[in-house]
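Sharing a structure here in structure tokens format.
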């Protein structure tokens, strides 16, 4: 537990600072994240004896992140084009290898890893954008996700008696899920309240265009999808027979172990905010 706390104390301020800098900083953070997460995903695939294409996988990830950055920084709608080029790169590498027997497995495993570790979290770049409001939205997302994870863990440990999906994660409980939902809703509503303070308004971090109803509903959904993201990664690791996706963070495991909830919450949160803003336009 001490290692976990120390690692969190170091990492959380660093991530917040990078997000604060600009959309370029967020894109660089996502690029590094996607490369490390993809290597962990392929490590899991190796444990399942699934062939994959590392070079084109990393290339596709870089192209996807670049497409998101061009949209966020210059409003160039090229995300689909760069995504398509990245997928084509995977097929071309497999084609040039000239092998047939495991082509379907190789291409499928590679693309699944790219979508999971680059495309889904890459939506954070669009959420951040190039405005203080986007920065504030990222902070709300982080706070809700971290609060849901923490309360789900401690509530499940102390009071969890009814197992959620024991075949995938024997430690997950319905009590922990309920705590995750409540914590997510409280965190989003709490951030909305704090954002109305003079300091946040002066920094341009106010959330006046979101109602408390929006925040509570968003927090409930983030609590649910965050736990689903955790279960998804547990499913992959259990299939591969590994305890952690990696050992990058002392006491925390790998990047996927620490960010499994965020990977699903990022696109879900971006979708929710997009719908809310479109409805108010």
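We did not get these values from a lab; they are worked out from the coordinates using the rules stated. Every value quoted in this text rests on a predicted model; they were computed, and no experiment measured them. Here the Cβ positions follow ideal geometry from the backbone for every residue, glycine too, while neighbour counts run over all protein chains shown.
If neighbour count is taken as other Cβ atoms inside 10 Å, put 257, 230, 130, 247 in order from fewest to most.
Sorted ascending by nearby Cβ count, the order is 247, 130, 257, 230.
Order of 148, 39, 245 from fewest to most other C-beta atoms within 10 Å?
39, 245, 148
Now for a separate question. Just want the ordering: 124, 30, from fewest to most Cβ atoms lying within 10 Å of their own Cβ.
30, 124
So what's the projected area for the chain, the Cα convex hull averaged over all directions, in nm²?
15.4
Please give the calculated 222 nm ellipticity per residue for the chain, where each DSSP H segment of at least 4 residues contributes -39500 (n - 2.57) and the sum is spread over every residue; nearest 500 deg cm²/dmol?
Taken over the chain, the calculation gives -26000 deg cm²/dmol.
Order 201-207, 81-87 from most to least packed using the mean count of other Cβ atoms within 10 Å.
Per-residue Cβ counts within 10 Å, averaged per peptide and sorted highest first, yield 81-87, 201-207.
Expressed as a fraction of 2.2 N^0.38 Å, the rule-of-thumb size for a compact globular protein of N residues, what is the C-alpha radius of gyration of segment 23-129?
Its radius of gyration relative to the 2.2 N^0.38 Å reference: 1.07.
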